[in-house]
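Every read-out reported here was derived from the displayed coordinates using simple, explicitly stated rules and does not represent laboratory data. No experiment lies behind these values; they were computed from the predicted model shown. No Cβ is skipped: glycine too gets one built from the backbone with ideal geometry, and neighbour counts run over all protein chains shown.
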Amino acid sequence: ANAVAERRLELAFQPIVAVAGGEDAQYQTLLRLRDADGALHPAGELLPIAESAGLMPEIDQQVLEMAIATLGRQHKLGAGVRLFVSQSPRSLSRDGYAEWLVQSLAAAGIAGAALVIDVRQDDALIHAISLQEFSSKMVPAGVQLCLSHYCPGTEVDALLAQLPLSFVRLSPDFSSKLADNAVRDRMREAIE
């Protein structure tokens with residue numbers, strides 16, 4: 001809680017290679033926490049604790065603020081950059097959050113298409129209705145939605161039809177088991 005209050009959250013950026021088209025550089029934002037001794041800790045250590053302490057809404061908002069500031073700096077340099085920013089569906093469904101996000105982008109002079117909100121598949125399945133409501137406010141502003149950790153299935157296929165998704169990121173299970181022919185076949189089907 002102290003680290004969040006003291007704004008010791010930081011972002012790291014991992015390049016994303018587009019499968020097809022697009023000239024803008026794309027990066028996945030990765031959350032890091034700098035402790036009192038200056039060491040950086042990955043999101044995997046931070047998020048379970050933050051979730052149980054009810055800090056996710058504040059963390060999600062700080063992450064978006066940092067992402068928008070980064071986009072603003074890149075925009076001033078004339079660089080076309082798109083950031084993929086992970087968010088909790090619970091944060092996205094908070095009253096006024098979507099409006100705050102749209103206003104923050106406009107105040108920074110950032111086109112909505114420079115921001116992609118990334119939501120994990122398992123979370124999206126549970127919060128499909130609130131995600132639809134959030135997306136309906138984002139589409140007019142140009143903000144896009146990505147479903148991450150995608151693994152095909154009947155429920156997910158229905159979700160794909162309901163949400164205005166611009167991007168899908170495959171589950172890490174695919175890349176970690178590429179030696180398995182059955183996994184490669186499932187990955188081919190998912191891509192198709």
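Two numbers describe the Cα atoms of the chain: Rg and Dmax, which are 17.0, 50 Å.
Looking only at Ala67, Ala114, Ala36, which one moves most when the chain is put into a Gaussian network model with springs between Cα atoms under 10 Å? Greatest mean-square fluctuation among the candidates belongs to Ala36. Charge tally around Ala67: other residues with Cβ under 13 Å, Lys/Arg +1 each, Asp/Glu -1 each, net -2. Helix screen, the chain: DSSP H segments with Cα axial length of 27 Å or more and mean Kyte-Doolittle hydropathy at least -1.0 are 56-76.
Each label was represented as a point 7 Å from its Cα along the Cα-to-Cβ direction; for His41 and Leu77 these points are 3.0 nm apart. Between Leu131, Leu115, Leu33, the Gaussian network model of the chain with springs among Cα atoms under 10 angstrom shows the greatest mean-square fluctuation at Leu33.
Near Arg8: Cβ cut-off under 15 Å, other residues only, Lys/Arg at +1 and Asp/Glu at -1. The net charge is -4. Relative contact order, whole percent, for segment 1-128 stands at 23, derived from Cα pairs under 8 Å and 6 or more residues apart. Normalised Debye scattering of segment 75-167 at q = 0.18, 0.24 Å⁻¹ gives log10 I(q)/I(0) of -0.78, -1.26, counting only Cα atoms as equal scatterers and leaving out solvent.
For segment 34-52, the residues whose amide N sits under 15 Å from a probe point set 7 Å from the Cα of Glu6 along the beta carbon direction are 34-41. Simple point charges give the picture: +1 on the Cβ of Lys and Arg, -1 on the Cβ of Asp and Glu, and for the chain a dipole about the Cα centre of about 440 debye. Ranking Gly78, Tyr97, Ile68 by Cα position along the charge dipole of segment 46-192, where only Lys, Arg, Asp and Glu carry charges on their C-beta atoms, puts Gly78 farthest toward the positive end.
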